[in-house]
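First the structure, in the form of structure tokens, and then the observations on it.
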Amino acid sequence: TTYFIVSAAQVAPLADAPENSLNGDSGVKVLVEAAPGEKCDRCWMVSETVGTVEGHETLCARCASQL
């Protein structure tokens, strides 16, 4: 299930929020950072699995499994 249109998201207790987090509505803090990894040529998601499947060096593992 996809909840956000982002490459990665983490939910943590408010007390664990980094100092540079932005205060949002309802006591929520948000920190936006670039996701680690490379952009998949097929789905355009950033993933650390790009290039890990032999023969599909520019795809993430999920997209490579669909071909």
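Would you compute, from DSSP H runs of 4+ residues alone, the mean residue ellipticity of the chain at 222 nm, taking -39500 (n - 2.57) per run and dividing by the full residue count, rounded to the nearest 500? Taken over the chain, the calculation gives -2000 deg cm²/dmol. One quarter of the surface of the convex hull around the alpha-carbon atoms of region 1-51 equals 4.7 nm², the direction-averaged projected area. Residue-wise HN-Hα couplings along region 52-67, as the Karplus relation 6.51 cos²θ - 1.76 cosθ + 1.60 with θ = phi - 60° gives them from phi, are 8, 9, 4, x, 9, 5, 9, 10, 6, 4, 5, 5, 4, 6, 7, 8 Hz; Gly and Pro carry x. Using the Cβ of V53 as centre and a radius below 15 Å, the other residues enclosed give a net charge of -3, where K and R count +1 and D and E count -1.
We did not get these values from a lab; they are worked out from the coordinates using the rules stated. Remember, predicted model here, so these are calculated numbers, not experimental data. Glycine also receives a Cβ, built like all others from the backbone with ideal geometry; neighbour counts cover every protein chain displayed.
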